[in-house]
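Student: My questions will all concern the structure given below.
The values are calculated or read from the model by the stated rules, or taken from the named source; none is laboratory data. Because the structure is predicted, anything quoted here is derived from the model rather than measured. Ideal geometry is used to build each Cβ from the backbone, glycine not excepted, and the neighbour counts take in all protein chains shown.
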Amino acid sequence: MKLKQLESLLGDLQQFSNPKVELEQYPTGPHIASRLLYTAENSFDDISNKVVADFGCGCGTLGAAAALLGAEQVIGIDIDSQSLEIASMNAKDLELDIDFVQCDISSLGWRGQIVDTVVMNPPFGTRKKGVDMDFLFVALKVASRAVYSLHKTSTRDYIKRTAKRDLNASSAEVLCELRFGVPQLYKFHKKKEVDIAVDLWRFVPRRSGERTINLRSAV
Amino acid sequence: MRLLTHNMLSSNIKGVTNGFPLRIQVEKVVEKEVEINHDFLRNIFPKIDWKALSDASRIMGYNELPEVPPEPSVLESDIEILRKFHHALLELHLEEGALLCPETGRSFRLIRVFRICFYSRMRFEKMVWCLIRLRFGDYEF
């Protein structure tokens, strides 16, 4: 599938109807989503024929992109039932078979590293401090091949240090810097749109032996 | 929900020591054919908990998967076992039902999402789209 075609399909997806500010619900635009998944697949072969999880999937844009690029199985996880309803409908519209799980990421019950790749656009931690690192912690426990994630450029050094030292990453690489266009979604937004400098990261987890993880106690 | 997903999920209830596998309470199973991918199956085989998959597929009404996992070398040549593995892992869908924590018995329901839309104003044709999501825990904001 061509990049433009992927971007176009993702552009038709429904987004949050009533975004919840406390969950930092912002749509992952088709421009970023298509490029994230396209890079993951064409540069690193991390998507097609793989098991892919979309953490904090929201309306399911990244998961849908993974399925469109040939992931064998996609699982979308989010805490919010309303978003998952939209994500389910988006998957159905594109005739994609995606399993969705409603759960708080930090208390996800998961067995081992069956998932190959995690893709995510996690909350940045502006509402609940440190939640971006919670997401990364869990992603690096669950993925066996790679984790693709978006984080504010201002946190770059901190993430690089923490990922390798504390979160079980054998490598942490910024693939590129992007401008994340945040639309005027909430009452406290004064401008029509704001561009935030965001890094697209690729983390590789250190391999571990097969075990059942109780992520709630581990966090 | 596919059994591949079931093979990854474990109970997240506090205090539970071994929450895997979740027990399946079947209300409705649907079979959806999907193209077989031999390489994918061979790669994922070592990561799958075979007993959990075999037991789950039996509960879903599919009895062809052997209880004892095959040797990895068998998967290289035996297309029939690959087909059965493929069917159990990816083609059986739990459409309605619940997953139960094996220690506490607490149930996690599968929820179907319906959207009824009118196809056109003239014909008022109803299209019912049924979608699945699995719900863990209760959240209120």
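Student: Which one of these does A:L96 not meet: (1) within 25 Å of B:L53 (Cβ to Cβ); (2) not in a loop (DSSP other than H, G, I, E, B)?
Tutor: So A:L96 meets the others, but not (2).
Student: Scan region A:21-61 for residues that are part of a helix (DSSP H, G or I) and of a type in the set (A, V, I, L, M, F, W, C) and jot them down. Before the answer, list the steps.
Tutor: Keep residues of region A:21-61 that are part of a helix (DSSP H, G or I), which gives A:21-23, A:30-42, A:61.
Of everything in region A:21-61, those that are part of a helix (DSSP H, G or I) and of a type in the set (A, V, I, L, M, F, W, C) turn out to be A:V21, A:L23, A:I32, A:A33, A:L36, A:L37, A:A40.
Student: Could I ask something else about it? So, in region A:62-90, how many residues would count as being within 16 Å of the chain's Cα centre (by Cα) and either in a helix (DSSP H, G or I) or under 15 Å from A:E7 (Cα atoms) (or both)?
Tutor: Taking region A:62-90 and keeping what is within 16 Å of the chain's Cα centre (by Cα), we get A:62-69, A:71, A:73-80, A:83-84, A:87.
Then drop every residue that is not either in a helix (DSSP H, G or I) or under 15 Å from A:E7 (Cα atoms) (or both), which leaves A:62-69, A:83-84, A:87.
Number satisfying all stated conditions: 11.
Student: Restricting to region B:32-44, what's the tally of residues that are touching a His at 6+ places or on another chain (Cβ under 7 Å) and either surrounded by 15 or more Cβ atoms within 10 Å (Cβ to Cβ) or more than 11 Å from chain A (Cβ to nearest Cβ) (or both)? Working first, answer last.
Tutor: Pass one, region B:32-44, residues touching a His at 6+ places or on another chain (Cβ under 7 Å): B:32, B:36, B:41.
Going one step further and asking which of them are either surrounded by 15 or more Cβ atoms within 10 Å (Cβ to Cβ) or more than 11 Å from chain A (Cβ to nearest Cβ) (or both), we end up with B:36, B:41.
The total comes to 2.
Each row is one residue, and each column tells you yes or no for (1) farther than 22 Å from A:R111 by Cα; (2) in contact with an Asp or Glu (Cβ under 9 Å, 6 or more places away or on another chain).
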position: B:L4; (1), (2): no, yes
position: B:N18; (1), (2): no, yes
position: B:P21; (1), (2): no, yes
position: B:V30; (1), (2): yes, yes
position: B:N37; (1), (2): yes, yes
position: B:I44; (1), (2): no, yes
position: B:A52; (1), (2): no, no
position: B:Y62; (1), (2): yes, yes
position: B:L82; (1), (2): yes, no
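Student: Residues A:L23, A:L3, A:L62: which one is more than 19 Å from B:N37 (Cα to Cα), aliphatic (A, V, I, L, M) and surrounded by fewer than 19 Cβ atoms within 10 Å (Cβ to Cβ)? Walk me through it before giving the result.
Tutor: Values: A:L23 fails: surrounded by fewer than 19 Cβ atoms within 10 Å (Cβ to Cβ); A:L62 fails: surrounded by fewer than 19 Cβ atoms within 10 Å (Cβ to Cβ).
Just one listed residue meets the conditions, A:L3.
Student: A follow-up question, please. What about A:D78, is it among the acidic types (D, E) and out of contact with any Cys (no Cβ under 9 Å at 6 or more places or on another chain)?
Tutor: Details: among the acidic types (D, E): yes; out of contact with any Cys (no Cβ under 9 Å at 6 or more places or on another chain): no.
No.
Student: Which condition from (1) assigned to a strand (DSSP E or B); (2) away from chain A (no Cβ under 14 Å) is the one that B:G97 breaks?
Tutor: Exception for B:G97: condition (2).
Student: Something else: Could you check region B:8-29 and list, in sequence order, the residues that are out of contact with any helix residue (DSSP H, G or I) (no Cβ under 6 Å at 6 or more places or on another chain), within 21 Å of B:E95 (Cα to Cα) and within 11 Å of chain A (Cβ to nearest Cβ)?
Tutor: B:M8, B:L9, B:S10, B:S11, B:F20, B:L22
Student: Separate question: Out of the residues in region A:57-107 meeting the condition of being at the interface with chain B (Cβ under 9 Å from one of its Cβ atoms), among the small types (G, A, S) and out of contact with any helix residue (DSSP H, G or I) (no Cβ under 8 Å at 6 or more places or on another chain), tell me which one is nearest to B:L89 (Cα to Cα).
Tutor: Only one residue fits best here, namely A:S88.
Student: On to the next question. What residue, among those in region A:108-138 that are outside any loop (DSSP other than H, G, I, E, B) and within 14 Å of chain B (Cβ to nearest Cβ), is surrounded by the most Cβ atoms within 10 Å (Cβ to Cβ)?
Tutor: The first filter runs over region A:108-138 and keeps only residues outside any loop (DSSP other than H, G, I, E, B), leaving A:109-111, A:115-120, A:131-138.
The next check asks that each one be within 14 Å of chain B (Cβ to nearest Cβ); those that pass are A:109-111, A:115-118, A:138.
Numbers: A:G109: 24, A:W110: 24, A:R111: 20, A:V115: 24, A:D116: 22, A:T117: 28, A:V118: 30, A:V138: 27.
Taking the candidates together, the pick is A:V118.
Student: Turning to a different aspect of this structure: Taking the residues in region A:139-189 that are of a type in the set (V, I, T) and within 22 Å of B:L9 (Cα to Cα) as candidates, determine which candidate is surrounded by the fewest Cβ atoms within 10 Å (Cβ to Cβ).
Tutor: Of region A:139-189, the ones of a type in the set (V, I, T) are A:142, A:147, A:153, A:155, A:159, A:162, A:174, A:182.
Checking the rest, the ones that are also within 22 Å of B:L9 (Cα to Cα) come to A:142, A:147.
Values: A:V142: 26, A:V147: 29.
Only one residue fits best here, namely A:V142.
Student: So, one more: Name the one entry in B:F45, B:F20 that is among the aromatic types (F, W, Y) and either part of a helix (DSSP H, G or I) or free of Cβ contacts under 8 Å to residues at least 60 places away in the same chain (or both). I'd like the intermediate steps shown before the answer.
Tutor: Working: B:F20 fails: either part of a helix (DSSP H, G or I) or free of Cβ contacts under 8 Å to residues at least 60 places away in the same chain (or both).
Just one listed residue meets the conditions, B:F45.
Student: List the number of the failed condition for B:L65; all other conditions in (1) surrounded by fewer than 19 Cβ atoms within 10 Å (Cβ to Cβ); (2) more than 9 Å from every other protein chain (Cβ to nearest Cβ); (3) without any contact (Cβ under 8 Å) to a residue 24 or more places away in the chain hold.
Tutor: So B:L65 meets the others, but not (1).
Student: I would also like to ask the following. Filter region A:168-198 down to the residues that are modelled with pLDDT of 95 or more and in contact with an Asp or Glu (Cβ under 6 Å, 6 or more places away or on another chain) and list them by number.
Tutor: A:V174
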